[in-house]
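Rule-based calculations on the coordinates, nothing more; no lab input. These numbers were taken from a predicted model, which means no experiment stands behind them. Because the Cβ atoms are built from the backbone with ideal geometry, glycine has one as well, and the counts that use them run over all protein chains shown.
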Amino acid sequence: QTEGSFITFTRAQEDFPSVKKLNPLNKKRILVTGGAGFVGSHLVDRLMLMGHDVICVDNYFTGSKVNIAHWIGHPNFEMIRHDVVDPLLVEVDQIYHLACPASPVHYQSNSVKTLKTSFFGTYNMLGLAKRVKARFLLASTSEIYGSPKEHPQNEEYWGHVNCFGPRACYDEGKRVAEALTYSYARQDGVDVRIARIFNTFGPRMNFNDGRVVSNFILQALRSEDITIYGDGSATRSFQYMHDLIDGLIQLMESDCTEPVNLGNPHEFTIKEFANMVIGLVNEQRDQPSTSNVVYLPAVIDDPPRRKPDISRAKERLNWEPRISVHEGLSETVSYFKRAMELEIAPVL
Ligand code: NAD
Ligand code: UDP
Ligand code: UDP
């Protein structure tokens, strides 16, 4: 294990049932787009540990080579620098299509590109799936529910989305990606899966990610002000990335072609969440954090609440989160603390 490998495996391999179960006869060639990103790189790790052949495709817009560096040179691993807006010719059995910036700061920085990635990127990967008869999984998002009028959100809810606000490039991009996915399924018989992912956190979130988890942890570790946008009453439900990775693999292996919510239903206000982060950071520091909570103007179209109904995932995939937010957050704080000390964390 190298100095950097703590970034890789925060848990023992044995902790993942899927790692032990793979029959060598079931070894597959798997494409992960966005594989150098936060979620994608953990998915690559798990698929590699299971013994699959993995091709990782990324243009490094928000991802980093650091996240997958530990696999370079492994005979089952291949890295391709490629933008999914352009066609791609590879031969694979499964495609996990994750390529797309996920943080509001990044997806809004070039909203036209976000839409191109969502549409043309998904179109190309579906065209690829159609040609090689691969099973295709789309990483969709809870954002397709917009500012929800129903709470919690189940998969039958059609959403309440502003199609011309600053988040539209992402929300509508993912909605069209879902529509495209089902059109390829209906028209061309492509075998598809759709994961609607709710807020996910964990090691390897970029230092400049801009989402609430990494912002609050870094602010608390650096004793800077904790920035709450609005009055802190907005809610989110956070899942630890290992649970998401389990869910993505279980969905891919299932026969469930309807969209499936993957998230942790434990809901927090952002204010409660800030206090939890400060408490956990203080547990791991010699000196308590001197951060103050400051309230900044609310961001436009910020969904006021979000919580998944995961009945379908429970029923169809036999999946539910196993790791509490507290436990996952504690591992994430350790990661950020160590990454700061080693100065090897991915920074955009
Ligand atoms: P991320 O930004 O860390 O990863 C996205 C990866 O895609 C990056 O490595 C980026 O460089 C790559 N990418 C972006 N545009 C690309 C393009 N045109 N061509 C090739 N590669 C490209 O984000 P993440 O949190 O790992 O999210 C991964 C996926 O999961 C995204 O599709 C996102 O929409 C979805 N998702 C994530 C969350 C979450 O909370 N993390 C929630 C809902 C949905
Ligand atoms: N495509 C790809 N790799 C492949 C097959 C297709 O990137 O192996 C792209 C192709 O270039 C096209 C898109 O996927 O831009 C959709 O392909 P499809 O065959 O469905 O559509 P068509 O090319 O017939 O419009
Ligand atoms: N947020 C915050 N301070 C930050 C970053 C985010 O208060 O430094 C809030 C944001 O306004 C939203 C919630 O935290 O209400 C989650 O935001 P994030 O950008 O993490 O993800 P989203 O769920 O909005 O895509």
Open item on the list: Give me a comma-separated list of calculated 3J(HN,Hα) values for the range 227-239, in order, Karplus coefficients 6.51, -1.76, 1.60 applied at θ = phi - 60°, integers in Hz, x for any Gly or Pro.
Closed with: 8, 9, 8, x, 9, x, 8, 4, 10, 9, 10, 9, 10
Task: Whole-Å semi-axes of the range 27-76's equivalent ellipsoid (Cα gyration tensor) - done: 17, 11, 9
Task: Within a Gaussian network of the chain (alpha carbon springs, distance under 10 Å), most fluctuating of 179, 139, 99 - done: 179
Open item on the list: Which lysines, if any, have their Cα less than 23 Å from the Cα of residue 271, not counting same-chain residues under 8 positions apart?
Closed with: 149, 307, 337
Task: Cα centroid of the range 245-306 to Cα centroid of the range 177-199, whole Å - done: 26
- [ ] Take the Cα pairs of the range 274-348, get the Kirkwood Rh, then feed it into Stokes-Einstein at 4 °C and 1.567 mPa s and tell me D in µm²/s.
- [x] 81
Task: Estimated distance in nm for a label pair at residue 49 and residue 76, the labels positioned 7 Å out from Cα along Cα-to-Cβ - done: 1.2
- [ ] For the range 86-220, just say rounded, prolate or oblate: build the C-alpha gyration tensor, square-root its eigenvalues into a ≥ b ≥ c, call rounded for a/c under 1.5, and beyond that prolate if a/b exceeds b/c, oblate if not.
- [x] prolate
Task: Dipole magnitude of the range 19-84, debye to nearest 20 (Cβ charges: Lys/Arg +1, Asp/Glu -1, about Cα centre) - done: 300
Task: Residue among 215, 233, 195 farthest towards the positive dipole end of the range 194-238, charges placed on Cβ - done: 195
TODO: Taking H placed 1.01 Å from N in the peptide plane, check which residues at least 5 places from residue 146 or on another chain put their amide H under 5 Å from its amide H.
DONE: 160
Task: Evaluated over the range 202-305, the Cα radius of gyration and Dmax, each in Å - done: 16.0, 51
Open item on the list: Taking a virtual spin label 7 Å from the Cα of residue 163 along the C-beta vector, which residues in the range 119-138 bring their backbone nitrogen under 17 Å of it?
Closed with: 119
Open item on the list: Treating only the Cβ of Lys, Arg, Asp and Glu as charged (+1, +1, -1, -1), what charge dipole size does the chain show about its Cα centre? Round to the nearest 20 debye.
Closed with: 560
Open item on the list: Just to confirm the filter: which chymotrypsin sites (Phe, Trp or Tyr not before Pro) across the range 214-301 are DSSP coil and have at most 12 other Cβ within 10 angstrom of their Cβ?
Closed with: none
Open item on the list: Going by amide H atoms built from the backbone, whose H comes under 5 Å of the H on residue 199, apart from near neighbours?
Closed with: 237
TODO: Divide, for the chain, the radius of gyration over alpha carbons by 2.2 N^0.38 Å, where N is the residue count.
DONE: 0.94
Open item on the list: Report the Cα centroid-to-centroid distance between the range 37-53 and the range 205-235 in angstrom, as an integer.
Closed with: 27
Task: Pair residue 25, residue 343: separation of 7 Å Cα→Cβ label points (nm) - done: 5.4
